[in-house]
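Visitor: Sharing a structure, written as structure tokens. Questions coming.
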Amino acid sequence: MKPPVTSDLPLGAPAYYEVWGGLESANRALWVALWFALTVALLSLILVRTLIRRPPVVIRVANSGQAEVARDAGRQPPVSEAEIKNFLSLFERFFTGLNAYTFDADLRLAFTMMSPSFQAKADDMLKREGTVEAVKANQSRITVVLTELKVLRDTAEIIECKVLGNRQIGSYKPDGTMGEVVFEHDVILRKVPRSEQSPYGVLVEDFHESVFKK
């Protein structure tokens with residue numbers, strides 16, 4: 001009598017469908033792990049961005065040694081009088097203390113300190129008075145000396161200032177003309193949010209010059 005037909009597979013070896021099922025199960029597990037890792041990474045990124053944007057915790061310590069957490073720490077600090085005077089000193093030098101070799105760079109800096117509306121006015125004023133052409137033609141070297149800077153009015157939107165001083169006018173030419181201009185400037189500053197472009201928190205909104213000696 002013939003023995004029964006048996007499988008060609010060795011004893012204990014998995015069948016093909018068992019191998020296929022195992023691979024499918026491992027594949028699904030890998031996809032689940034991948035999606036889980038991506039979800040965790042995305043949530044971590046959102047959490048990091050949220051923490052970065054949170055205002056810092058500011059703790060003020062009084063003279064007595066008492067510490068307290070400052071409220072509204074994310075609020076921008078007000079523009080101080082020292083900042084205003086420093087801003088005006090720089091603006092006066094860049095806008096009125098022109099030099100035949102540096103006037104182009106100086107005026108570019110001065111225009112970054114102006115509001116968009118005053119930039120157009122200042123450009124028209126320079127062209128109307130022929131300031132740049134005169135500096136180039138005379139090889140001018142102007143030194144600004146400020147004698148007084150005053151804050152006349154400080155409101156929620158603007159700061160009115162007065163600047164007194166004189167300009168010592170020289171020339172790089174051996175036979176260039178010399179002179180002095182005593183001036184008074186009425187300057188209105190517009191308060192703006194502090195930023196990389198406007199670190200002082202103000203921009204020149206208007207500028208008017210009165211000349212007493214020329």
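The numbers here are math on the coordinates, done by the rules we state, and not lab data. Since this is a predicted model, take the numbers as computed values, not measurements. Note that we place each Cβ from the backbone using ideal geometry, even for glycine, and neighbour counts take in every protein chain shown.
Visitor: When a footprinting reagent is the concern and you count Cβ atoms within 10 Å, what order do I142, I158 take, fewest first? Each step should come with its number before you reach the end.
Guide: Numbers: I142 19, I158 15.
So the ranking, lowest neighbour count to highest, is I158, I142.
Visitor: OK, next. If you rank M113, M125, M178 by fewest surrounding Cβ atoms within 10 Å, what's the result?
Guide: Ascending number of Cβ neighbours within 10 Å: M178, M125, M113.
Visitor: Moving to a separate point now. Return the subset of K85/K173; K150/K213; K150/K173 for which the Cα-Cα distance in this structure is over 31 Å, preserving the input order. Intermediate values should be presented prior to the final figure.
Guide: Values: K85/K173 33 Å; K150/K213 21 Å; K150/K173 36 Å.
Result: K85/K173; K150/K173 exceed 31 Å.
Visitor: In 5 Å bins starting at zero, report the fraction of Cα pairs in the stretch 153-204 per bin as a rounded %.
Guide: 5, 16, 16, 14, 12, 11, 11, 8, 6, 1, 0
Visitor: Normalise the Debye intensity by I(0) for the stretch 89-163, one equal point scatterer per Cα, no solvent, then take log10 at q = 0.17 Å⁻¹ and round to two decimals.
Guide: Log-scaled intensity ratios, in q order: -0.74.
Visitor: May I pose another question? As an exercise, find the ratio Rg/Rh for the stretch 81-213 from alpha-carbon atoms, using the Kirkwood inverse-distance average for Rh.
Guide: On the way: Rg = 14.9 Å, Rh = 15.3 Å.
Ratio of gyration radius to Kirkwood radius: 0.97.
Visitor: Let me ask something else. In nanometres, what is the gap between the two model label sites at E196 and E148, each 7 Å from Cα along Cα-to-Cβ?
Guide: Taking the two extended label points, one gets 4.1 nm.
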